[in-house]
Amino acid sequence: SGNYVFGTMHEGGPEPTGSFYRFTPVGTLQRVALPHIAIANSIAFSPDGATLYWCDTRSRRIHACDYDGQTGQVANIRVFADLRDQDADGAHKGSPDGSTVDADGCLWNAEWGGNRLTRYAPDGRVLARMSVPASQPTCPAFGGEALDTLYL
């Protein structure tokens, strides 16, 4: 819908106070009605724009919600992926960082501190996990003439 959606950070203090905002094509700044966060990340949209993905990196959970690009209204806020539960042995300590969505509607998430990139189905199932040679990957993106090259 032409909006720029972004988040702020507030790592200090006992309660997170960061927020998500949208800046519209006509210059209006609006707070998106999502819970306060410490570290805003993972902002991405489904191909039809009707689902907004987001996370508070500190919580180790990625969320999804219904999103109206015309009004900025959100509804049906839900946990999409919970990284706290992904590794039964407790060895993996990665936290969700930046994300992007592919043409199939799958979310690709870089795991800060986890040395990996994870691809999730639109319903939140893990489809693939790829180890990467960086301990703190931050954000995947697709590029190239056919948008078939994944950059991290």
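The values are calculated or read from the model by the stated rules, or taken from the named source; none is laboratory data. What you see is a predicted model; the values in this text were computed from it and never measured. Here the Cβ is made from the backbone with ideal geometry for all residues, glycine too, and neighbour counts use every protein chain on show.
Annotations
- The residue pairs whose first member lies in the stretch 13-36 and is over 19 Å from residue 1 (Cβ atoms), whose second member is among the charged types (D, E, K, R) and assigned to a strand (DSSP E or B), and whose beta carbons are closer than 9 Å, counting only pairs six or more residues apart or on different chains, are 16/56; 18/56; 19/31; 35/56; 36/56.
- Scanning the stretch 11-20 for residues that are outside any loop (DSSP other than H, G, I, E, B) and farther than 24 Å from residue 108 by Cβ returns a single hit, 19.
- For the residues 101, 132, the requirement of being farther than 21 Å from residue 1 by Cβ, in contact (Cβ under 8 Å) with a residue 12 or more places away in the chain and of a type in the set (A, V, I, L, M, F, W, C) singles out 132.
- Going through (1) surrounded by 14 or more Cβ atoms within 10 Å (Cβ to Cβ); (2) aliphatic (A, V, I, L, M); (3) over 26 Å from residue 21 (Cα atoms) one by one, residue 146 falls short only on (1).
- Against the criterion of being at pLDDT below 95, among the β-branched types (Val, Ile, Thr) and within 13 Å of the chain's Cα centre (by Cα), residue 57 qualifies.
- Residues that are loosely packed, with under 15 Cβ neighbours inside 10 Å and not polar (S, T, N, Q), drawn from the stretch 1-20: 2, 4, 6, 11, 12, 13, 14, 15
- Which numbered condition residue 137 misses (of (1) part of a strand (DSSP E or B); (2) touching a residue at least 24 places away in the same chain (Cβ under 8 Å)): (1)
- Flag for residue 123 being surrounded by fewer than 13 Cβ atoms within 10 Å (Cβ to Cβ), in a loop (DSSP other than H, G, I, E, B) and modelled with pLDDT of 95 or more: yes
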